[in-house]
Amino acid sequence: MKSLIACYSHSGKTLTVAEKLQKEINADFTRIEPVKDRWYLIKAIHAYLEKKWPIKPCTTDIDDYDCLIVCCPIWAGRTTPGVIQYLDELVNTSGKKFAVLVTMGGDGNQLATIQIRNGLEAKEMEFIDKLIIGGSAQKSGEWETMTKEFAQKLINEN
Ligand SMILES: Cc1cc2nc3c(=O)[nH]c(=O)nc-3n(C[C@H](O)[C@H](O)[C@H](O)COP(=O)(O)O)c2cc1C
């Protein structure tokens, strides 16, 4: 199964996890980056309102891939405006599989995995699995085992 990891990361935590996953499953990698950064409060408000931000060019045509793994941090319990824009820009999605990986500072509830799932199912993609790495798993180092197990599930999908 040929996979693409699409990763949004502001302060590097999601990037660290996504790069570990990349090594485990031997996927291609693309960074989702906003054209411009905003203040913390604007980030949180825009995420909460499910706004879209323009993003820099990245891989949005997934015709060559069997599976897409969207990775992002949680902002205000949601995904980031850059990821919402990315989901919008994706093409050749029909019949492709996808998984979602999120990191967050706390360990509470979040809506990002549902937002991304809804967005990609609307593009006729098939959900495989999700991984949520909260603050305690990041601090304890448990995220590494969690990422390995997640990678194995993705490999077994082949
Ligand atoms: C604007 C903003 C809002 C955030 N909101 C939440 C939140 O609602 N819940 C939470 O657990 N963490 C929240 N966080 C923390 C991040 O989700 C967490 O630090 C994440 O691992 C950062 O990933 P990154 O380093 O890849 O950007 C927020 C961070 C930012 C910058």
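The values are calculated or read from the model by the stated rules, or taken from the named source; none is laboratory data. Worth saying up front: this structure is predicted, and the values here are computed from it rather than measured. Neighbour counts are summed over all protein chains in view; Cβ atoms, including those assigned to glycine, are modelled from backbone coordinates with ideal geometry. These area figures cover heavy atoms from the full protein model, side chains too; ligands, DNA and RNA do not enter into them. Shrake-Rupley method; radii C 1.70, N 1.55, O 1.52, S 1.80 Å.
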Looking at segment 110-124 only, could you name the residues that are part of a loop (DSSP other than H, G, I, E, B) and within 18 Å of Ala18 (Cβ to Cβ)? Gln110
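Within segment 96-107, does at least one residue satisfy the condition of being more than 16 Å from the ligand (Cβ to nearest atom) and within 20 Å of Arg38 (Cβ to Cβ)? Reasoning before the result, please.
Applying the first criterion (more than 16 Å from the ligand (Cβ to nearest atom)) to segment 96-107 yields 96-99.
Within this subset, residues satisfying the condition of being within 20 Å of Arg38 (Cβ to Cβ) are none.
No, every residue in segment 96-107 fails to be more than 16 Å from the ligand (Cβ to nearest atom) and within 20 Å of Arg38 (Cβ to Cβ).
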Checklist (1) farther than 13 Å from Ser9 by Cβ; (2) within 14 Å of the chain's Cα centre (by Cα); (3) free of Cβ contacts under 8 Å to residues at least 40 places away in the same chain applied to Lys56, failing item: (2)
Pairs, first touching a residue at least 12 places away in the same chain (Cβ under 8 Å) in segment 20-44, second acidic (Asp, Glu) and within 16 Å of the ligand (Cβ to nearest atom), C-beta under 7 Å, six or more apart: Lys20/Glu144
Which numbered condition Gly135 misses (of (1) within 13 Å of the ligand (Cβ to nearest atom); (2) crowded, with 24+ Cβ neighbours inside 10 Å; (3) small (Gly, Ala, Ser)): (2)
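Quick check, is Leu111 more than 16 Å from Asp66 (Cα to Cα) and open to solvent by 20 Å² or more (accessible area, probe 1.4 Å)? Walk me through it before giving the result.
Values: more than 16 Å from Asp66 (Cα to Cα): yes; open to solvent by 20 Å² or more (accessible area, probe 1.4 Å): yes.
For Leu111, the condition - more than 16 Å from Asp66 (Cα to Cα) and open to solvent by 20 Å² or more (accessible area, probe 1.4 Å) - is met.
Residues Ser9, Ser94: which one is small (Gly, Ala, Ser) and farther than 30 Å from Ser140 by Cα? Quick ask: steps written out before the conclusion?
On the way: Ser9 fails: farther than 30 Å from Ser140 by Cα.
Matching residue, one of Ser9, Ser94: Ser94.
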Given the conditions (1) of a type outside the set (D, E, K, R); (2) over 17 Å from Lys13 (Cβ atoms); (3) assigned to a helix (DSSP H, G or I), and given that Phe127 satisfies all but one, which numbered condition is not satisfied? (3)
Restricting to segment 28-63, name every residue that is of a type in the set (Val, Ile, Thr) and over 14 Å from Trp75 (Cα atoms). Thr30, Ile32, Val35, Ile55, Thr59, Thr60, Ile62
Mind checking which helices (runs of 4 or more DSSP H) fall wholly inside segment 6-90 and carry at least 3 residues that are more than 13 Å from the ligand (Cβ to nearest atom) and either over 13 Å from Gln115 (Cβ atoms) or open to solvent by 20 Å² or more (accessible area, probe 1.4 Å) (or both)? 13-25, 81-89
Tell me, please, whether a residue that is closer than 20 Å to Trp143 by Cα, within 8 Å of the ligand (Cβ to nearest atom) and not polar (S, T, N, Q) can be found in segment 108-121. yes
What number goes with the only condition from (1) among the aliphatic types (A, V, I, L, M); (2) more than 19 Å from His10 (Cα to Cα); (3) within 15 Å of the chain's Cα centre (by Cα) that Val91 does not pass? (3)
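Considering segment 139-158 alone, what residues qualify as being of a type outside the set (Asp, Glu) and open to solvent by 50 Å² or more (accessible area, probe 1.4 Å)? Before the answer, list the steps.
At the first step, the residues of segment 139-158 found to be of a type outside the set (Asp, Glu) are 139-141, 143, 145-148, 150-156, 158.
Residues satisfying the conditions are Lys139, Ser140, Thr145, Lys148, Gln152, Lys153, Ile155, Asn156, Asn158.
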